[in-house]
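Structure, as structure tokens:
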Amino acid sequence: MIKALIFDFDGVVTESVQLKSNAFADLYRPYGSDIVKKVVDHHETNGGMSRYEKIHLYHESFLNKTITRKEIASLANQFSDLVVENVIAAPYVPGALEYIQKCCEQYKLFISTGTPTEEIKQIIIGRKIDHYFTAVFGSPDKKSTHLDQIISTYQIKHSEAIFFGDSNTDLEAAEKAHIRFVLVKNQFNKKLVQSYDGQIISDFVKFL
């Protein structure tokens, strides 16, 4: 028996992956088009990774520049300023809102995202969907930590949860927690779709 549904956010609940790509492109545009392409390609392949980890990686690996925690925080705040209002206004993945509304009384619903916790809470309040969710988890904690907390805090067995995600980070967290994973297909995860042999959906319409 399923008792809990866990959702990544960008690309799973809302069509907002491109918004985040645009924001990373804006942050790294001063370093040239080659760097922008590397940053955007990595971001879109690693959707569940926190922006703090990404900014550190992009500076250290792509720019060969040391970056301090203070500088990472400053860039992360700039990123937040670029995306929050746009994510609040982004369209839903088809059927996602209706599926959440349908399931909220039967199951405990959770969000597990790489977006900072306070920011994702601001977003779901802005979208007026916060009341559907039992709890919301974001960075700096990793998704594997989110899933462990959900299992332990809400006394849910591993077999009683489903995680809807769209990235390798989501899949790896679900496998580590021994939770069933459903891959939400979109234009940004074609390689993962080709390699994944579990359940794949394009949207939530068929569940309604």
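The values are calculated or read from the model by the stated rules, or taken from the named source; none is laboratory data. Being a predicted model, the structure only gives us computed values, none of them experimental. All Cβ positions, even for glycine, are placed from backbone atoms using ideal geometry, and neighbour counts span all protein chains on display.
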Residue match in segment 157-168 (condition: in a loop (DSSP other than H, G, I, E, B), closer than 23 Å to residue 94 by Cβ and touching an Asp or Glu at 6+ places or on another chain (Cβ under 8 Å)): yes
Hits in segment 169-182 - residues which are β-branched (Val, Ile, Thr) and assigned to a loop (DSSP other than H, G, I, E, B): 179
Residue 197, sole failed condition from (1) touching a Phe, Trp or Tyr at 6+ places or on another chain (Cβ under 7 Å); (2) free of Cβ contacts under 8 Å to residues at least 12 places away in the same chain: (1)
Subset of segment 61-98 that is more than 19 Å from the chain's Cα centre (by Cα) and among the hydroxyl-bearing types (Ser, Thr, Tyr) - its residue that is nearest to residue 43 (Cα to Cα): 61
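So which residues in segment 1-38 are small (Gly, Ala, Ser), more than 11 Å from the chain's Cα centre (by Cα) and closer than 20 Å to residue 184 by Cβ? Walk me through it before giving the result.
As a first pass, look at segment 1-38 and keep what is small (Gly, Ala, Ser): 4, 11, 16, 21, 23, 25, 32-33.
Next cut, more than 11 Å from the chain's Cα centre (by Cα) only: 4, 21, 23, 25, 32-33.
The answer is 4, 21.
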Hits in segment 127-156 (condition: over 18 Å from the mean Cα position of the chain (by Cα) and either farther than 21 Å from residue 91 by Cα or of a type in the set (Asp, Glu) (or both)): 151, 152, 153, 154, 155, 156
Residue match in segment 138-147 (condition: assigned to a strand (DSSP E or B) and surrounded by 20 or more Cβ atoms within 10 Å (Cβ to Cβ)): yes
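Output the residues belonging to segment 87-119 that are surrounded by fewer than 16 Cβ atoms within 10 Å (Cβ to Cβ) and in contact (Cβ under 8 Å) with a residue 60 or more places away in the chain. Please lay out each step first, then the result.
Taking segment 87-119 as the starting set, the residues that turn out to be surrounded by fewer than 16 Cβ atoms within 10 Å (Cβ to Cβ) are 89, 91, 94, 98, 101-102, 105-106, 118.
Selection gives 91, 94, 98, 102.
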Among residues of segment 75-125, those that are of a type in the set (Phe, Trp, Tyr), assigned to a helix (DSSP H, G or I) and assigned by TED's automatic domain parsing to the domain that holds residue 10, counted: 1
Pair list, Cβ under 7 Å, 6 or more apart: segment 176-190 residue under 15 Å from residue 3 (Cα atoms), other residue assigned to a loop (DSSP other than H, G, I, E, B): 181/198
In segment 37-51, the residues that are in contact with a Leu (Cβ under 9 Å, 6 or more places away or on another chain) and either assigned to a helix (DSSP H, G or I) or of a type in the set (D, E, K, R) (or both): 39, 42, 45, 51
Pick from segment 134-178, criterion touching a strand residue (DSSP E or B) at 6+ places or on another chain (Cβ under 8 Å) and of a type in the set (Asp, Glu), ranking: farthest from residue 48 (Cα to Cα): 160
Residue match in segment 116-131 (condition: under 20 Å from residue 2 (Cβ atoms) and modelled with pLDDT of 95 or more): no
Residue within segment 183-205 that is within 13 Å of the chain's Cα centre (by Cα), surrounded by fewer than 21 Cβ atoms within 10 Å (Cβ to Cβ), acidic (Asp, Glu) and in a loop (DSSP other than H, G, I, E, B) present: no
Candidates 67, 72, 2 - the one that is touching a Phe, Trp or Tyr at 6+ places or on another chain (Cβ under 8 Å), more than 23 Å from residue 192 (Cα to Cα) and assigned to a loop (DSSP other than H, G, I, E, B): 2
